[in-house]
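The values are calculated or read from the model by the stated rules, or taken from the named source; none is laboratory data. Bear in mind the structure is a predicted one, so any value in this text is a computation, not a measurement. Neighbour counts are summed over all protein chains in view; Cβ atoms, including those assigned to glycine, are modelled from backbone coordinates with ideal geometry.
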Number of protein chains: 2
Amino acid sequence: MDNIRVIEVKRSVFESNDQDAERLRGELKESKTFLLNLMSSPGSGKTTTLTRTIEALKDKYRIGVMEADIDSDVDAKTIAATGVKSIQLHTGGMCHLDADMTRQGLKELGLEDVDFAILENVGNLVCPAEFDTGSTKNAMILSVPEGHDKPLKYPLMFSICDVVLINKIDVMPYFDFDLEKCKEYIHMRNPKAKVIPICAKTGEGIEEWAKWLSENIDESIK
Amino acid sequence: MDNIRVIEVKRSVFESNDQDAERLRGELKESKTFLLNLMSSPGSGKTTTLTRTIEALKDKYRIGVMEADIDSDVDAKTIAATGVKSIQLHTGGMCHLDADMTRQGLKELGLEDVDFAILENVGNLVCPAEFDTGSTKNAMILSVPEGHDKPLKYPLMFSICDVVLINKIDVMPYFDFDLEKCKEYIHMRNPKAKVIPICAKTGEGIEEWAKWLSENIDESIK
């Protein structure tokens, strides 16, 4: 477990992150790599969801994971234990990753060795939504204890996500969480967003999520 | 409920936020106002905790609340219903408040009319920790579903807080949350931090929290 590669990512030298993100998407297409940008609040279950996702798809794709964290390596250790290639990106206090920081991580993973790259972004519903990482698709996790009103309060995050996983549905009975209302609010922000209820702890819903991913990866790397 | 005052806060004109925060702390001392900066992840229960806090202390102090939000007014409506003076601060996408933005809010509340001002900061464990708001004390809420490892992953936030409320302790049996480990991690970051387990929904622990507040407010406004 001591062999986790840690990259101290540097601030981007590019003036326009949007342009650079488009450039990175071109590079990914060229090398037939699908990049998922996974975002959420702290503690919504990104790492557990990621572990399940890897279990479901690691025989089908060559997976590589970038764990972005302010300065710990708690999650990277968990991911390394799944056996896939993983690196830790230290943002040095930065609250998000931009396209060039993501590129620095992908270079370490080795684009030619990876079909399905995953960026676990910093736990934050505000800043990561403002910086295009160059990902092929954006996903976010909203966990039941956070409440169904989050799309009202963090509009940009929900509007840029292709898929929203509603995690921790096993504890729904103990919280005032209205799934239908939540879906309605998400679709107010983004009518095209796919919503998948899951429980990363028990594995419920992971099959549907893996299916959505497979379809999108296959479309992207064919 | 339609009379919630909304302030679009402007970017600070001051070069050094740290100096400006010290200046604001001086202004608060001068006017005998205690300012609490309340921070947390999205969905940890800031607004419910605030409602309980107001109930417990509104007969003792003249309370004023500033609700910072990217652009909704969901929380401000809830707070306005408690009957205390409240305003909505729109950050225009910004992920935190600095001292001058806080000052703009306090001006609208009217320092001379308020003994106990509360800033409900943007739901975010990263950026708000980096910007001193000029508050008398900093508090944060960590909710049980987020997990006890958060002090390892968001070190700065825990190191700057005078008090950490562990919220949603009613659902502890349904989560792998180790309270003793959590306290240990918090004290690793900040040996002086006071830790108070609460359940804002049922009111458990609110008495201890209100006592801590009263002591600190009385000390500050005497």
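Residues in the range B:94-115 that are within 16 Å of the chain's Cα centre (by Cα) and within 19 Å of residue A:123 (Cβ to Cβ) were compared, and the one that is nearest to the other protein chains (Cβ to nearest Cβ) is B:95. Across the range B:176-192, the qualifying residues are those that are out of contact with any His (no Cβ under 9 Å at 6 or more places or on another chain) and within 14 Å of chain A (Cβ to nearest Cβ), and the one among them that is surrounded by the fewest Cβ atoms within 10 Å (Cβ to Cβ) is B:188.
Take the residues in the range B:18-76 that are closer than 24 Å to residue A:43 by Cα and of a type in the set (Ser, Thr, Tyr), then tell me which one is modelled with the lowest pLDDT. Selected residue: B:72.
Looking only at residues in the range A:160-175 that are touching a Lys or Arg at 6+ places or on another chain (Cβ under 7 Å) and either within 12 Å of chain B (Cβ to nearest Cβ) or part of a loop (DSSP other than H, G, I, E, B) (or both), the one that is nearest to residue A:125 (Cα to Cα) is A:162. The set of residues in the range A:102-121 being surrounded by fewer than 24 Cβ atoms within 10 Å (Cβ to Cβ), in contact (Cβ under 8 Å) with a residue 60 or more places away in the chain and either among the basic types (Lys, Arg) or within 28 Å of residue B:39 (Cα to Cα) (or both) consists of A:103 alone.
For (1) more than 14 Å from chain A (Cβ to nearest Cβ); (2) out of contact with any strand residue (DSSP E or B) (no Cβ under 6 Å at 6 or more places or on another chain), each residue gets a yes or a no:
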position: B:28; (1), (2): yes, no
position: B:31; (1), (2): yes, yes
position: B:36; (1), (2): yes, no
position: B:57; (1), (2): yes, yes
position: B:77; (1), (2): no, yes
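Screening residue A:206 on (1) over 22 Å from residue A:124 (Cα atoms); (2) within 18 Å of the chain's Cα centre (by Cα); (3) within 14 Å of another protein chain (Cβ to nearest Cβ); (4) of a type in the set (Val, Ile, Thr) shows it passes everything except condition (3).
For every residue, the table says whether it meets (1) in contact with a Leu (Cβ under 9 Å, 6 or more places away or on another chain); (2) in contact (Cβ under 8 Å) with a residue 60 or more places away in the chain; (3) acidic (Asp, Glu).
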{"residue": "B:49", "(1), (2), (3)": "yes, yes, no"}
{"residue": "B:62", "(1), (2), (3)": "no, no, no"}
{"residue": "B:86", "(1), (2), (3)": "yes, yes, no"}
{"residue": "B:89", "(1), (2), (3)": "yes, yes, no"}
{"residue": "B:98", "(1), (2), (3)": "no, yes, yes"}
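Being in contact (Cβ under 8 Å) with a residue 40 or more places away in the chain, touching a helix residue (DSSP H, G or I) at 6+ places or on another chain (Cβ under 6 Å) and not in a helix (DSSP H, G or I) is a property that residue B:66 has. Can you name the residue in the range B:77-123 that is of a type in the set (A, V, I, L, M, F, W, C) and part of a loop (DSSP other than H, G, I, E, B) and is also modelled with the highest pLDDT among such residues? The extreme case among them is B:114. Residues that are at positive phi and more than 13 Å from the chain's Cα centre (by Cα) do not occur anywhere in the range A:116-130.
Exactly one residue out of A:82, A:91 is touching a helix residue (DSSP H, G or I) at 6+ places or on another chain (Cβ under 9 Å), among the polar types (S, T, N, Q), within 12 Å of another protein chain (Cβ to nearest Cβ) and surrounded by fewer than 23 Cβ atoms within 10 Å (Cβ to Cβ): that is A:91. Restricting B:186, B:196 to residues that are at pLDDT 95 or above, touching a Pro at 6+ places or on another chain (Cβ under 6 Å) and closer than 23 Å to residue B:159 by Cβ narrows the list to B:186.
If you go through the range B:59-72 and keep only what is under 17 Å from the mean Cα position of the chain (by Cα) and more than 15 Å from residue B:36 (Cα to Cα), you end up with B:69, B:70.
Evaluate the range B:167-184: report whether one residue or more is touching a helix residue (DSSP H, G or I) at 6+ places or on another chain (Cβ under 8 Å) and in contact (Cβ under 8 Å) with a residue 60 or more places away in the chain. The answer is yes, given that some residue of the range B:167-184 is touching a helix residue (DSSP H, G or I) at 6+ places or on another chain (Cβ under 8 Å) and in contact (Cβ under 8 Å) with a residue 60 or more places away in the chain.
Only residues that are more than 7 Å from every other protein chain (Cβ to nearest Cβ), at pLDDT below 95 and closer than 22 Å to residue A:150 by Cβ were counted across the range B:124-157, and they come to 2. Screening the candidates A:97, A:111 for the property of being within 22 Å of residue A:19 (Cα to Cα), of a type outside the set (Lys, Arg) and touching a strand residue (DSSP E or B) at 6+ places or on another chain (Cβ under 6 Å) yields one hit, A:97.
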